[in-house]
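Enquirer: There's a structure below that I have some questions on.
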Amino acid sequence: MLNNSRHEAFARGRAAGKSVGAAYREAGYSPNSGNASRLNGNERVIARVGELKALIQNMKNLSIQRGVLSSDWVMEQLVGVVNKARAQGKAGQRRRQQSSASSWPAIVDVCRAEGNRQAGRV
């Protein structure tokens, strides 16, 4: 998760497929194409967008394989994140947990989108 909440919101918007300008405005910034472009080129933002896109793609792949996202599957994924954090050791554990927890809104968005797609609403 990015330390700056607006940067995080921008990254989530970009990972969701929004345009640079739309993601910038929805992150709470006043419209400014130059600043939006600059933020879009920020190394940390680029890395975070990549992380979120990978998470979204992984969720889509698993959803397709299993047919539907179940609550058991979501819990299994969350337990896997916790186990991974524990395996990496205690140093920096709080930061990793915050990062994993911050991915939850992206997981929920993907679940909703996938449920809508499967229900024929999109």
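Just so you know, all these numbers are worked out from the coordinates, no wet-lab data involved. Predicted model only: the values in this text are computed from it and were never measured. Positions of Cβ are backbone-derived with ideal geometry, glycine not excepted, and every protein chain shown enters the neighbour counts.
Enquirer: If you check every pair at least six apart or on different chains, which have Cβ atoms under 7 Å apart with a residue in segment 14-29 that is within 17 Å of E43 (Cα to Cα) first and a residue that is surrounded by 15 or more Cβ atoms within 10 Å (Cβ to Cβ) and charged (D, E, K, R) second?
Expert: A15/K53; A23/R14
Enquirer: What residue, of L55, L2, L39, is closer than 20 Å to V81 by Cβ, in contact with a helix residue (DSSP H, G or I) (Cβ under 8 Å, 6 or more places away or on another chain) and assigned to a helix (DSSP H, G or I)?
Expert: The conditions single out L55.
Enquirer: If I go through segment 42-58 residue by residue, how many of them are under 12 Å from F10 (Cα atoms) and surrounded by fewer than 16 Cβ atoms within 10 Å (Cβ to Cβ)?
Expert: Residues in segment 42-58 being under 12 Å from F10 (Cα atoms) and surrounded by fewer than 16 Cβ atoms within 10 Å (Cβ to Cβ): 2 in total.
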